[in-house]
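Trainee: After the C-alpha coordinates below, expect a handful of questions from me.
The values are calculated or read from the model by the stated rules, or taken from the named source; none is laboratory data. Keep in mind the model is a prediction, meaning the values are calculated, not measured. Here the Cβ positions follow ideal geometry from the backbone for every residue, glycine too, while neighbour counts run over all protein chains shown. Heavy atoms of the whole protein, side chains included, go into the accessibility calculation; ligands, DNA and RNA do not. Shrake-Rupley method; radii C 1.70, N 1.55, O 1.52, S 1.80 Å.
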Amino acid sequence: MQKHNQKEHLYKLLVIGDLGVGKTSIIKRYVHQNFSPHYRATIGVDFALKVLSWDAETVVRLQLWDIAGQERFGNMTRVYYREAMGAFIVFDVTRPATFEAVTKWKEDLDSKLVLPNGKPVPTVLLANKCDQGIDVLMNNGIKMDQFCKENGFVGWFETSAKVML
Ligand code: GDP
Ligand code: MG
(Lines give C-alpha, C1' and ligand atoms only; values in the text may rest on other atoms or scores of the structure.)
(Ligands and ions follow the chains in the order given, each with its own letter.)
Protein backbone atom coordinates (compact mmCIF):
# COMPACT_ATOMS: atom_id res chain seq x y z
CA MET A 1 0.00 0.00 0.00
CA GLN A 2 1.16 3.45 -0.88
CA LYS A 3 1.58 5.66 2.17
CA HIS A 4 1.35 9.41 2.08
CA ASN A 5 4.89 10.05 3.19
CA GLN A 6 6.38 7.67 0.65
CA LYS A 7 8.55 8.91 -2.17
CA GLU A 8 8.15 7.32 -5.54
CA HIS A 9 10.89 6.84 -8.11
CA LEU A 10 10.20 5.73 -11.65
CA TYR A 11 13.05 4.30 -13.70
CA LYS A 12 12.92 3.25 -17.29
CA LEU A 13 15.19 0.26 -17.93
CA LEU A 14 15.94 -1.26 -21.31
CA VAL A 15 16.34 -4.95 -21.96
CA ILE A 16 18.11 -5.44 -25.28
CA GLY A 17 20.04 -8.11 -27.14
CA ASP A 18 19.61 -10.45 -30.08
CA LEU A 19 16.46 -12.34 -30.89
CA GLY A 20 15.83 -15.42 -28.74
CA VAL A 21 18.43 -14.73 -26.04
CA GLY A 22 15.68 -14.67 -23.38
CA LYS A 23 14.85 -10.98 -22.87
CA THR A 24 11.11 -11.54 -22.57
CA SER A 25 11.67 -14.62 -20.39
CA ILE A 26 13.94 -12.75 -17.96
CA ILE A 27 11.39 -9.98 -17.56
CA LYS A 28 8.60 -12.52 -17.08
CA ARG A 29 10.60 -14.35 -14.45
CA TYR A 30 11.45 -11.16 -12.60
CA VAL A 31 8.00 -9.58 -12.72
CA HIS A 32 5.63 -12.57 -12.78
CA GLN A 33 7.81 -15.37 -11.33
CA ASN A 34 7.10 -17.74 -14.19
CA PHE A 35 8.66 -19.24 -17.30
CA SER A 36 7.34 -20.63 -20.55
CA PRO A 37 9.36 -22.88 -22.85
CA HIS A 38 7.21 -21.88 -25.80
CA TYR A 39 8.78 -19.35 -28.02
CA ARG A 40 6.76 -16.29 -28.92
CA ALA A 41 8.71 -13.44 -30.49
CA THR A 42 7.92 -10.06 -29.02
CA ILE A 43 6.23 -7.81 -31.52
CA GLY A 44 7.20 -4.18 -31.30
CA VAL A 45 7.71 -3.09 -27.73
CA ASP A 46 6.39 -4.59 -24.49
CA PHE A 47 6.38 -3.05 -21.05
CA ALA A 48 6.41 -4.62 -17.65
CA LEU A 49 6.30 -2.88 -14.32
CA LYS A 50 8.10 -4.14 -11.24
CA VAL A 51 7.24 -2.31 -8.04
CA LEU A 52 9.79 -2.51 -5.23
CA SER A 53 9.22 -1.39 -1.66
CA TRP A 54 12.71 -0.05 -1.37
CA ASP A 55 12.40 1.05 2.25
CA ALA A 56 9.72 2.52 4.53
CA GLU A 57 9.88 5.87 2.72
CA THR A 58 10.64 4.79 -0.82
CA VAL A 59 8.83 3.00 -3.60
CA VAL A 60 10.77 2.21 -6.76
CA ARG A 61 8.93 1.50 -9.96
CA LEU A 62 11.00 -0.22 -12.60
CA GLN A 63 9.54 0.11 -16.05
CA LEU A 64 11.15 -2.67 -18.08
CA TRP A 65 11.16 -2.12 -21.82
CA ASP A 66 11.30 -5.24 -23.92
CA ILE A 67 11.96 -4.92 -27.62
CA ALA A 68 11.80 -7.36 -30.49
CA GLY A 69 15.31 -8.39 -31.53
CA GLN A 70 14.76 -7.75 -35.21
CA GLU A 71 14.43 -4.03 -34.70
CA ARG A 72 18.08 -3.75 -33.84
CA PHE A 73 20.06 -0.73 -34.91
CA GLY A 74 17.17 0.75 -36.87
CA ASN A 75 15.77 4.21 -36.35
CA MET A 76 13.28 2.57 -34.01
CA THR A 77 15.86 2.05 -31.29
CA ARG A 78 16.46 5.78 -30.86
CA VAL A 79 12.82 6.33 -29.92
CA TYR A 80 12.81 3.23 -27.77
CA TYR A 81 15.96 4.22 -25.85
CA ARG A 82 14.74 7.73 -25.00
CA GLU A 83 14.96 8.70 -21.31
CA ALA A 84 16.13 5.29 -20.11
CA MET A 85 18.12 5.30 -16.86
CA GLY A 86 19.76 1.93 -17.26
CA ALA A 87 20.04 -1.06 -19.53
CA PHE A 88 20.54 -4.80 -19.56
CA ILE A 89 22.20 -6.33 -22.59
CA VAL A 90 21.45 -10.03 -22.79
CA PHE A 91 23.21 -12.82 -24.67
CA ASP A 92 22.62 -16.57 -24.86
CA VAL A 93 25.56 -18.59 -23.53
CA THR A 94 24.75 -21.39 -25.98
CA ARG A 95 25.06 -19.13 -29.03
CA PRO A 96 28.42 -17.35 -29.47
CA ALA A 97 27.03 -15.04 -32.17
CA THR A 98 24.74 -13.45 -29.59
CA PHE A 99 27.77 -12.63 -27.47
CA GLU A 100 29.54 -11.10 -30.45
CA ALA A 101 26.49 -8.88 -30.93
CA VAL A 102 26.76 -7.51 -27.39
CA THR A 103 29.33 -4.84 -28.28
CA LYS A 104 27.20 -3.78 -31.23
CA TRP A 105 24.21 -3.31 -28.95
CA LYS A 106 26.35 -1.31 -26.55
CA GLU A 107 27.64 0.93 -29.34
CA ASP A 108 24.13 1.42 -30.68
CA LEU A 109 22.89 2.38 -27.21
CA ASP A 110 25.76 4.75 -26.41
CA SER A 111 25.56 6.44 -29.81
CA LYS A 112 21.88 7.24 -29.36
CA LEU A 113 21.48 7.91 -25.65
CA VAL A 114 23.34 9.61 -22.81
CA LEU A 115 22.12 10.47 -19.33
CA PRO A 116 21.13 14.08 -18.57
CA ASN A 117 24.62 14.50 -17.01
CA GLY A 118 26.24 13.49 -20.30
CA LYS A 119 27.42 10.11 -19.06
CA PRO A 120 26.65 6.80 -20.74
CA VAL A 121 23.67 4.85 -19.41
CA PRO A 122 24.74 2.26 -16.79
CA THR A 123 24.57 -1.09 -18.53
CA VAL A 124 24.73 -4.59 -17.07
CA LEU A 125 25.60 -7.64 -19.15
CA LEU A 126 23.49 -10.78 -18.63
CA ALA A 127 24.81 -14.20 -19.66
CA ASN A 128 21.49 -16.00 -19.95
CA LYS A 129 20.52 -19.68 -20.26
CA CYS A 130 23.25 -20.67 -17.83
CA ASP A 131 21.13 -23.72 -16.95
CA GLN A 132 22.35 -25.05 -20.32
CA GLY A 133 25.97 -24.95 -19.23
CA ILE A 134 28.44 -22.14 -19.55
CA ASP A 135 30.64 -23.85 -22.13
CA VAL A 136 30.53 -20.92 -24.49
CA LEU A 137 32.05 -18.62 -21.90
CA MET A 138 34.65 -21.22 -20.96
CA ASN A 139 35.55 -22.38 -24.45
CA ASN A 140 36.12 -18.89 -25.71
CA GLY A 141 38.31 -18.17 -22.72
CA ILE A 142 36.43 -14.93 -22.32
CA LYS A 143 37.53 -13.00 -19.30
CA MET A 144 34.21 -11.47 -18.48
CA ASP A 145 35.36 -8.99 -15.86
CA GLN A 146 37.95 -7.64 -18.23
CA PHE A 147 35.47 -7.64 -21.09
CA CYS A 148 33.10 -5.53 -18.98
CA LYS A 149 35.84 -3.08 -18.10
CA GLU A 150 37.01 -2.69 -21.68
CA ASN A 151 33.52 -2.28 -23.05
CA GLY A 152 31.98 -0.02 -20.43
CA PHE A 153 29.66 -2.45 -18.65
CA VAL A 154 29.16 -1.86 -14.94
CA GLY A 155 29.13 -5.63 -14.38
CA TRP A 156 27.80 -8.98 -15.50
CA PHE A 157 25.72 -11.82 -14.14
CA GLU A 158 25.02 -15.41 -15.10
CA THR A 159 21.26 -15.81 -15.35
CA SER A 160 18.60 -18.34 -16.12
CA ALA A 161 14.99 -17.48 -16.69
CA LYS A 162 14.19 -21.18 -16.51
CA VAL A 163 15.64 -22.44 -13.22
CA MET A 164 17.15 -21.14 -10.02
CA LEU A 165 20.92 -21.34 -10.40
P1 GDP B 1 13.75 -12.94 -26.60
O2 GDP B 1 13.55 -13.02 -28.08
O3 GDP B 1 15.11 -12.41 -26.27
O4 GDP B 1 12.67 -12.18 -25.90
O5 GDP B 1 13.75 -14.44 -26.05
P6 GDP B 1 12.57 -15.24 -25.29
O7 GDP B 1 12.42 -14.75 -23.90
O8 GDP B 1 11.35 -15.24 -26.15
O9 GDP B 1 13.23 -16.70 -25.20
C10 GDP B 1 13.59 -17.43 -26.37
C11 GDP B 1 13.54 -18.93 -26.08
O12 GDP B 1 14.56 -19.26 -25.13
C13 GDP B 1 12.23 -19.39 -25.46
O14 GDP B 1 11.93 -20.67 -26.01
C15 GDP B 1 12.51 -19.47 -23.99
O16 GDP B 1 11.70 -20.45 -23.36
C17 GDP B 1 13.98 -19.87 -23.98
N18 GDP B 1 14.70 -19.37 -22.81
C19 GDP B 1 14.73 -18.08 -22.34
N20 GDP B 1 15.50 -17.96 -21.25
C21 GDP B 1 15.99 -19.21 -21.00
C22 GDP B 1 16.85 -19.73 -20.00
O23 GDP B 1 17.35 -19.05 -19.10
N24 GDP B 1 17.14 -21.07 -20.07
C25 GDP B 1 16.61 -21.88 -21.05
N26 GDP B 1 16.95 -23.16 -21.04
N27 GDP B 1 15.80 -21.41 -22.01
C28 GDP B 1 15.48 -20.09 -21.99
MG1 MG C 1 11.02 -11.18 -26.77
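Trainee: Which FRET efficiency value, to the nearest 0.05, do you get for residue 103 and residue 131 by plugging their Cβ-Cβ distance into 1/(1 + (r/R0)^6) with R0 = 41 Å?
Mentor: Details: r = 25 Å, r/R0 = 0.61.
Once the sixth-power term is evaluated, E becomes 0.95.
Trainee: When the solvent-accessible surface of protein heavy atoms is calculated with a 1.4 angstrom probe, in what order do 165, 62 fall, highest first? Working shown, then result.
Mentor: Numbers: 165 130, 62 20 Å².
So, going from the largest accessible area down, we get 165, 62.
Trainee: I would also like to ask the following. Report the gain in length on full extension from residue 144 to residue 19: 0.36 nm times residue separation, minus Cα-Cα distance, nm rounded to one decimal.
Mentor: Details: separation 125, 0.36 × 125 = 45.00 nm, distance 2.17 nm.
The residue 144-residue 19 span can extend by a further 42.8 nm.
Trainee: Moving on to the next point. With r defined as the distance between the Cβ atoms of residue 60 and residue 164 and R0 fixed at 25 Å, what FRET efficiency is calculated, to the nearest 0.05?
Mentor: Details: r = 23 Å, r/R0 = 0.94.
FRET efficiency, residue 60 to residue 164: 0.60.
Trainee: Separation between the residue 6 and residue 47 pseudo-spin-labels, each 7 Å from Cα along Cα→Cβ, expressed in nm?
Mentor: About 1.9 nm separates the two model spin labels.
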